[in-house]
Amino acid sequence: MNAGRSETAVPPATHAELSNYLRLSGSTLTTTEAVARAIQHWIEVQNETVAPLQGYQWKCLFLPDQSRVRMHVGEAWHYAEVVGDELMYHGRAVSPRQLTMLIAGDGRNAWRDLWIRRPGEKNWTAASQLRRQLEQQAHRPPTSHMDAMRAVASTMSDTLKTALTLVQHASYHAQEQVERRLPKHRRQEDFMIDDCKAD
């Protein structure tokens, strides 16, 4: 569809089917509201499928791609960034612990000394504070059965996203592996041995 052209018409048969469904199901939505929600849902699904979730998993804390990490030592701030699935500092993939050791030497606690700003956030937050928030959310009892179901659904969704990320990562690396037994990667001597076996 042309991005410059605006089409808002719903085919009459589809509109009638939607109106009938809303009436029979007892929904309080108007057809316009239902269409708007369907479009919003479709856009969200498309955005999720277009942009696979990447980022660095630091124990319980997930840092999405393009998150910034900083540490203050002496008079200077030192910065690292999450690029894809790696935490990068001066072109080198590091762990948060390695980052603190490279910047300030041994004896520093990464949770205490690192500050994080995730994409879309304006302010920096101490890593220890983010970890504490996650722990509090994990131990907070649900206030109702619906809250419990939402918490379970959210946890399942996060688990599924993590599993999908791991599968994508493994799939990507599996595709990079070159199969040595394929003819174009075999040595001439290997072909001669196969010829001798065939005789």
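The values are calculated or read from the model by the stated rules, or taken from the named source; none is laboratory data. Just so it is clear, the model here is predicted, and its values are computed rather than measured. Here the Cβ is made from the backbone with ideal geometry for all residues, glycine too, and neighbour counts use every protein chain on show.
Scanning segment 106-127 for residues being out of contact with any strand residue (DSSP E or B) (no Cβ under 9 Å at 6 or more places or on another chain) and more than 15 Å from Gln66 (Cα to Cα) gives a total of 3. The numbered conditions (1) crowded, with 16+ Cβ neighbours inside 10 Å; (2) part of a loop (DSSP other than H, G, I, E, B) are all true for Asp106 except (1).
List, please: which pairs have Cβ atoms under 7 Å, are six or more places apart or on different chains, and start with a residue in segment 73-89 that is within 21 Å of Asp106 (Cβ to Cβ) and end with one that is assigned to a loop (DSSP other than H, G, I, E, B)? Qualifying pairs under 7 Å: Leu87/Ser95.
So is Leu102 aliphatic (A, V, I, L, M) and in contact (Cβ under 8 Å) with a residue 60 or more places away in the chain or not? When the stated conditions are applied, Leu102 does not pass them.
One residue alone among Val35, Val45 is without any contact (Cβ under 8 Å) to a residue 24 or more places away in the chain and out of contact with any Asp or Glu (no Cβ under 9 Å at 6 or more places or on another chain), and that residue is Val45. Residue pairs whose Cβ atoms lie under 8 Å apart, sitting 6 or more positions apart in sequence or on different chains, and linking a residue in segment 1-20 that is under 12 Å from Thr31 (Cβ atoms) to a partner that is modelled with pLDDT of 80 or more, are Val10/Leu18; Val10/Thr31; Val10/Val35; His15/Thr31; Leu18/Thr31; Leu18/Ala34; Leu18/Val35; Ser19/Thr31.
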